[in-house]
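The next block holds one structure in the form of structure tokens; read it before the comments.
The values are calculated or read from the model by the stated rules, or taken from the named source; none is laboratory data. Since the model is a prediction, treat every value here as computed from it, not as a measurement. Note that we place each Cβ from the backbone using ideal geometry, even for glycine, and neighbour counts take in every protein chain shown.
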């Protein structure tokens, strides 16, 4: 699956889930941002 160029944010309180999703999505060509919760996600998209 080629998802090249997509920007994806993975939001989950589990570090294991975040890292697993990051690996999978990166291998598919996505730019991946990670966030632990909604507050963390909002701070990252407003920067």
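Counting only residues that are under 11 Å from the mean Cα position of the chain (by Cα) and assigned to a loop (DSSP other than H, G, I, E, B), how many does segment 16-37 have? Of the residues in that region, 2 qualify.
Applying the set (1) exposed (fewer than 13 other Cβ atoms within 10 Å of the Cβ); (2) part of a helix (DSSP H, G or I); (3) at pLDDT 95 or above to residue 45 leaves exactly one unmet item: (3). When we screen 2, 40, 13 for residues that are outside any strand (DSSP E or B), surrounded by 13 or more Cβ atoms within 10 Å (Cβ to Cβ) and more than 9 Å from the chain's Cα centre (by Cα), the only hit is 40.
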